[in-house]
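Just below is one structure, and these are the notes that go with it.
The values are calculated or read from the model by the stated rules, or taken from the named source; none is laboratory data. It should be emphasised that the depicted structure is a prediction, and the values quoted were computed from it without experimental measurement. Cβ: placed from backbone, ideal geometry, glycine included. Neighbour counts: every protein chain shown. The accessibility values were calculated without ligands, DNA or RNA, using every heavy atom of the protein model including side chains. Shrake-Rupley method; radii C 1.70, N 1.55, O 1.52, S 1.80 Å.
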Amino acid sequence: MKYSVNFYSETVRIEIESLPSTLAARFITLADRMETAGPNLGEPHTKAFGDGLLELRLKGAEGIARVFYCTLVGRRIVMLHSFVKKSQKASPRDKRIAETRMKEIKNGC
């Protein structure tokens, strides 16, 4: 049974599509794989952060990007927040944005 990949908002979709070309292409490849294989592709492609928050790890010629996402009932994968990585760890701000959006979606706000 297939999964569906959705976006928290139109803004998130546009941000992901606006990533540098090799990173956007990598997102498309991994999102397509997630539709058939499910949300957890395993490292180095995905990483679980706990409490239902996961990270899609994109690497390309232009650098490294991350996309936080969660899963919902009905085999839905929701992309919550993306950013181009500039340091070793994800910033607490980026993680907080994703966690807030995940809570909104799961609480039906």
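Details
- Residue-level accessible surface for residue 84, protein heavy atoms, 1.4 Å, Å²: 60
- Inter-part distance where the range 94-109 and the range 1-45 are each reduced to a Cα centre, Å: 18
- The range 56-104: translational diffusion in µm²/s, Stokes-Einstein, Kirkwood Rh over Cα pairs, 10 °C, 1.306 mPa s: 137
- Applying D = kT/(6 pi eta Rh) to the range 6-88, where Rh is the Kirkwood radius over alpha-carbon pairs, T corresponds to 4 °C and eta to 1.567 mPa s, the Stokes-Einstein value obtained is 102 µm²/s.
- Sequence of 43, 55 from largest to smallest accessible area, 1.4 Å probe: 43, 55
- Mean residue ellipticity (222 nm) of the chain, computed from DSSP H runs ≥ 4 via -39,500 (n - 2.57), nearest 500: -11500 deg cm²/dmol
- Among 19, 58, 80, residue whose mean-square fluctuation peaks in a GNM of the chain (springs only between Cα atoms under 10 Å): 19
- Measuring only protein heavy atoms, the 1.4 Å probe finds residue 45 accessible over about 40 Å².
- Summed side-chain charge close to residue 45 - residues other than residue 45 whose Cβ falls under 10 Å, Lys, Arg +1, Asp, Glu -1: +3
- For the options 83, 27, 49, a Gaussian network treatment of the chain with springs between C-alpha atoms closer than 10 Å singles out 49 as fluctuating the most.
- The magnitude of the dipole of the range 1-102, with charges of +1 and -1 set on the Cβ of Lys/Arg and Asp/Glu and taken from the Cα centre, is near 220 debye.
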